[in-house]
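No lab work stands behind these numbers, since they all come straight from the coordinates. If you're wondering where the values come from, they're calculated on a predicted model, not measured in any experiment. Glycine gets a Cβ as well: all are built from the backbone with ideal geometry, and neighbour counts include every protein chain shown.
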Amino acid sequence: MSSIIVFIIGIIVSTIIIYFVTKLFGEKQGIKTAFFAAIIGSIVFTVVYAVLGRSLIPGAIGAIAWLIALKWLYNMTWLKVIAVAVIVWIIASIVGAVIPTGVGPL
């Protein structure tokens, strides 16, 4: 049950980060597109890691697949897609370090 809660919180946080970063870059799409980007990213990384294991190569494959998904969802240039992805990654890393990932004792 705690894995589901952590997953849902992760999707919500990722959606918010993606939404604000894409708005910073002038994108017009709403929160729904950011939600789909978060879901696609989560699915892509889960599948790639499940099939290939956790290492640098599956991580790179997952990242490229997520970049393609961002390009498709937002119809941005490749340079903008990479810039958005880097900023999302930086902010998500900071948020991940600040917000505990486990639900802890209730």
Item checked: On Cα atoms only, tilt of 56-74 relative to the major axis of the chain in degrees -> 50 degrees
Notebook entry, point to check: So what is the 222 nm mean residue ellipticity for the chain from helices alone, if each DSSP H run of at least 4 adds -39500 (n - 2.57) and you divide by all residues, rounding to the nearest 500 deg cm²/dmol?
Noted result: -28000 deg cm²/dmol
Margin query: How tilted is helix 78-98 with respect to the longest principal axis of the chain? Cα atoms for both, answer in degrees (0 to 90, nearest 10).
Written below: 20 degrees
Next item on the list: Can you tell me the 0 to 90 degree angle between the C-alpha axis of helix 2-24 and the longest principal axis of the chain, rounded to 10?
Entry: 20 degrees
Notebook entry, point to check: So which chymotrypsin sites (Phe, Trp or Tyr not before Pro) in the stretch 2-106 are both in a DSSP loop and have at most 15 other Cβ atoms within 10 Å of their Cβ?
Noted result: Phe25
Next item on the list: List the trypsin sites (Lys or Arg not before Pro) within the stretch 23-82 that fall in a DSSP loop (any state other than H, G, I, E or B) and whose Cβ has at most 14 other Cβ atoms within 10 Å.
Entry: Lys28, Arg54
